[in-house]
Structure formats: C-alpha cells, structure tokens
C-alpha cells in the first residue's frame, strides 16, 4: 500500500488512526460498556453523594442536626396550614390525617428534590465535567442518592410522628422498603432525564419549581384524592391516583398508618409502582446515555 | 501495534481539522433580550439568536507521537486550554475529530473537591473522581499528605479546606492531582503554585510524571520551562495553529512576535 521510507505518508487521519488502533477521543461507549464503567465508579458515586450531604450544613452551628430539623420544621409548617387553618382533613381523623400529611410531604419532597438536583447535575457541575473522565450518569445518580440519604433522616422524624399519633411498628412497616426502593429507581430515572434537559436548557432550573408545585398539589399530598374528587368524573381521580408521586405516597402511608387501609389504594398498586420505576429508570438512563459525549459542551 | 520496526514513529494523538465553539447564553443585553431569549427556547435548531458564539479553536490539525513532549504556547485566550480539553475528550469538537491512544488525562482535580470538607475527605473524593480505587488511595494517602506539606503546621488535614490559606489549598490540589499515573498526560502549568519550596517539589513531580507518560502536552507561559521540557512546540494564536515545529525554531518566531 505504501512505500517503506515513510509508511504513513498519504494516509488520511482516519486511516492513520485505524492503522495504529487509535479511537475517537471522548466517543460514547456502547450501552453495556457504559454500565460497566458506571459500576466501576460506584465508590465515587457514593462518596460524592455523601460529601454533598455533609457539605450542605457544615457551616451551620447546629451542623448535621439540620438533617433532621429541616424536615421536622417542614412538617410543622404544613401541619399549621393544612391541618389547623384550612382543615383539609375532611372526614379523616386527626390520628390519621397528621401522619398522612407528613408522609405525603416527605415522600413527595424526595421526588421533588431529586428532580431539582437532577436539573443542575450537569449544568451546575460543568467544571467537573470538563476536567475529569467518568460516565456522566454518575452525577445525576449521585444526586438522587444524596436525596435518598436525606430521606432516611426524614424517616426518623416520620417514625416519631406516626408513633406519636398512635400507629405502632408492625410487620406492614417492612413494606416501606420496597416502596422506597421503587421510588428511588423512579426518581433516579427522572433525575437523568432532567439532567440531560437541564444541560441543554439551564432555564429549566427556574421553571421546574412551578411544575413541581403543581404536581404536588395534584398528587394529594395534603388531601385524599378519592374524597376530594368524589363529585368529579371517576377518570380524573384515577389519573391523579395512578400518577407515580401519588402511588409512592399511598404505599408508604399504607405501610405506616394502621387506619389507612388498602381500600384507599388504587388497584394493582404494586404493579403500577414497579412499572413507573422500570419505565423511568431504564428509559431515563438510555435517554441520558444518548447525549453522553455532548455534556462537556454546556 | 507492538511489533513496530525501531525508529518508526507511533502516533498517539491525531487531531484532524478540529473546531471548537463555545455558546454563551445571556451575553447579549439591551432591548429585546427577553424576546430573544424566548425565541431561543421556542426555536430549536437553525441559527440561534441571542446566543453568542465564541469560536475558540479553528481548524487545528497535528499528529503527536509516542515519546514526544509537546509544548503549547500562545497569548492568553488563544485556545490552548480548550484544545487540551478537546484532546482529552472532555469537550466535544464542533467539527473535525480527535483520535487518541488510550485515555488522555488532564492533570487537575480542583473541580471535584469541596471546600466545606476536610482535607482528609477531599483526598479520598479527589482520588475516586480521578478513577483510583479505594485501595490505591489508601496506599497513596500518606504520600499525598506528606507531599502537600499541609500537616507541617499542625493537624490541618482534619480541618475543612476553606480554613486553609490559598497557597495550602493549591498545594493540596496539586498533590491529589499528581498522585495518579497517566498514559497521555496534559499539564496546564498554572498548576505548579505555592511557595518556592513547594514549586520546586511540584516541578520535580511533573518531571517524574512526564517520564512515565507516553506523550506529554504542556501549556505554559514560561518559555524557559518549554525549552527545558519540550522537543516540539505548537503555537496557537486566535484559535489557529500558527506554527508547528522543533522547539527552538518556533520559540524564536514566538519571541519575535511577542516582542521579547
């Protein structure tokens, strides 16, 4: 093909690269290899999420106590407004309504903050993306993991509230584990979707709080959907009840609150919960991976 | 690729007509900026209005070979660091391609560190971010602390990094970044900071890393350190490759250009 003195003369860059086994720098690896690389970075993902969590309150005098105090204050505010002033319990007894409300707030906050940190996962860490090599999905996953750890602190508060209002730990409490695992998968997928969207359009960080608030009010965080929508067409209640946020909230309520029985849950609730989780976790991951090589551009 | 005849030059980095464009949102002010912003969101694709484009690198091509130490020179804002990021695959080129052998890495870990965390945790975090395993970090931990010298004035490694002086922070960052070995190594020489004693130590470490790496790229504004280290120099000006050749030849032209 070429003369001995300068064997590489006349080759195009691509041919030269192929001859010596060079690969395109920063090319997106195939999905399977990508998952492998991500697994290789699991320690980084965990360490990064813990570091973010610790750094959050490191300048406060009360320090890490805020991990518990913040959700507690949050619950108190919602209790004041919806439990005392607006009286949104409508037929629910106080022993049910207060844990119902607090559970809803905490479980929804888990999804909400995962989405919000997902939006900024790439656009807020462009310096990191432009300096080091790692599968970019590590960032949104790490942020979702940080929110999961945050939720575990909130759970301490939640348990106290639930027990304080007369529901004691029993076998059904175990069910919060699968419910939260599924919700975590769902949240991670959602965070991945919004990480890609937020990398392209950082303006989403301004827009999303309103979207999330609308979603919160539509998901029955502070009221029971079947009771409030009793005089509306059945399909409306169905749509609201089968939305993922409502599903995960209801599952945790069902697990924790004695008086909140399965009659409050929509049909096939576990299948729906699993379906949402699988759809978003897999779909979100693939969607995020498809733009992998472009995240450095900002 | 191993059975090359002696004397054959094996390419490790090939850049082919690389263009890099930064898009800057919100750089345009004055009347109509809100509508411009709106149309930017509504109209996808095509020529975007309200977004300023900065063409940082314009059509750079070169081939780097194993064992070469290549210096990048040029005035501020000429696209040196941007080109390095593109070679590392961290910044996708607008057009053109970069081929590399293995994964080139940029020496630097600043972005992964958090000022609110202790030096101790930052060493672990930085190491993990660079892709080291927990065992490797444990092995090198003491080395990193000793090298940075932050514990010479008391037990600083267990304090948050924000309590360090800026010199100490720079030293710790460099020590973490330099703890890993690299194939194709890229060094932005602004890294070697700190007091005279530490600068000497870090220059030594850079030399060591250079020895282990296959190909080295060095960005520097010091012609002396380019002369000391590099056998070939790329001169960038306004994003264009103005000259590519042996160190002496290029530096002579560059010095004439910059009026030294």
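Among the residues of the range B:128-152, those identified as facing chain A (nearest Cβ under 9 Å), closer than 20 Å to residue B:205 by Cβ and buried (at least 21 other Cβ atoms within 10 Å of the Cβ) are B:129, B:130. Looking only at the range B:93-106, how many residues end up being at pLDDT below 85 and either more than 7 Å from chain A (Cβ to nearest Cβ) or not in a strand (DSSP E or B) (or both)? Qualifying residue count, the range B:93-106: 4. A count restricted to the range B:68-92 and to residues that are within 14 Å of residue B:237 (Cβ to Cβ) and away from every other protein chain (no Cβ under 14 Å) stands at 9.
Just the residues that are over 17 Å from residue A:124 (Cβ atoms) and either within 7 Å of chain A (Cβ to nearest Cβ) or assigned to a strand (DSSP E or B) (or both), please, taken from the range B:110-124. Of everything in the range B:110-124, those that are over 17 Å from residue A:124 (Cβ atoms) and either within 7 Å of chain A (Cβ to nearest Cβ) or assigned to a strand (DSSP E or B) (or both) turn out to be B:117, B:118, B:121, B:124.
Conditions tested, residue by residue: (1) surrounded by fewer than 21 Cβ atoms within 10 Å (Cβ to Cβ); (2) within 11 Å of the chain's Cα centre (by Cα); (3) not in a helix (DSSP H, G or I).
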site	(1), (2), (3)
A:132	no, no, yes
A:142	no, yes, no
A:207	yes, no, no
A:211	yes, no, no
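List every residue pair whose Cβ atoms lie under 7 Å apart, where the two residues are 6 or more positions apart in sequence or sit on different chains, the first residue falls within the range A:12-25 and is at the interface with another protein chain (Cβ under 7 Å from one of its Cβ atoms) and under 13 Å from residue B:102 (Cβ atoms), and the second residue, located anywhere, is at pLDDT 80 or above and assigned to a helix (DSSP H, G or I). That search, which allows pairs on different chains as well, returns A:25/B:87.
Exactly one residue out of B:180, B:200 is part of a helix (DSSP H, G or I), at pLDDT below 85 and within 21 Å of residue B:110 (Cα to Cα), and it is B:200.
The values are calculated or read from the model by the stated rules, or taken from the named source; none is laboratory data. Quick caveat: nothing in here was measured; it's all calculated off a predicted structure. Cβ atoms come from the backbone with ideal geometry, glycine included; neighbour counts cover every protein chain shown.
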